[in-house]
Structure formats: structure tokens, C-alpha cells
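All remarks here apply to the structure that follows.
Every number in this text was worked out from the coordinates using simple rules, so none of it is lab data. Every value quoted in this text rests on a predicted model; they were computed, and no experiment measured them. Because the Cβ atoms are built from the backbone with ideal geometry, glycine has one as well, and the counts that use them run over all protein chains shown.
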Amino acid sequence: MTQNETLVYTLLCQADRPLSAYNILDALRDKGIRAPLQVYRALGKLVERGAVHRIESVNGFVACQLHDCGGSEVSIFMLCTQCERANEFTDASIDKTLQALGDDRKFQAAHKVIEITGLCADCRSV
């Protein structure tokens, strides 16, 4: 990894919620990252490697919480709308269902991500 990729990845690993590219830029300015392009390049490479995921619904990024999500299984994110935390997991049965849907429609998925928003257990109990 390049220095910028390492800085971005380390920050995302320490974050407790998805961060936008501009959150990342603000947090890393004093470490030498001063332009949005530097952040986007690092994020692009990290996403390409499967080390980081882009969460479309919140326009943010998270470090991969799983070691095997780069395989064929679907990545599923439960996103709390109150505390903004993201929980990542996979499910083989959902992956099989999505595969069957694609097969029925003669479609081969290259990237399978499900984002579910709601309240986590901690926020529900408050």
C-alpha cells in the first residue's frame, strides 16, 4: 500500500461509522493529505482490493470487517440511522437467492451489496 492508502485505511479501521471522503480529508490534513484527489485515489485502490467498501446510501466508506467478503457472497450492511454505525456481514442463503434471481434473468452479478437502514439494538433500547 502507498502511504496515503495506509493513512486512509488506518483511519477507516479506527472509525466507528462510515466516513465521507471529505471527513477523511479533514482528519488527515496534518498527515500530508491535502487534496480531495489524494483521498479519492487512495479510496479507489482500497475499494478495488476489497479492503474498503463504499456505502452508497450514506456516501461514505468503511474498512472491510470481514476477511472473506471478496468471494462470491453478498456483502450486507445494517446501517443505524441514529448512531450511524455500520455492521457488515454475509449470508450464503441470501447469496444463493440472488444468484438464482440473476440466473433466471440471464444476468451475472459482479458486485452484490445490500444496505439495510434502521435502528441497532443499542439505539432501540435507549
Considering the stretch 36-54 alone, what residues qualify as being surrounded by 21 or more Cβ atoms within 10 Å (Cβ to Cβ) and part of a strand (DSSP E or B)? 52, 53
Would you check if residue 101 is farther than 21 Å from residue 19 by Cα, free of Cβ contacts under 8 Å to residues at least 24 places away in the same chain and of a type outside the set (D, E, K, R)? yes
Restricting the search to the stretch 74-96, which residues are within 16 Å of residue 56 (Cα to Cα) and not basic (Lys, Arg)? 74, 75, 76, 77, 78, 79, 80, 81, 84, 86, 87, 88
Of the residues in the stretch 97-123 that are charged (D, E, K, R) and surrounded by 12 or more Cβ atoms within 10 Å (Cβ to Cβ), the one that is nearest to residue 57 (Cα to Cα) is 115
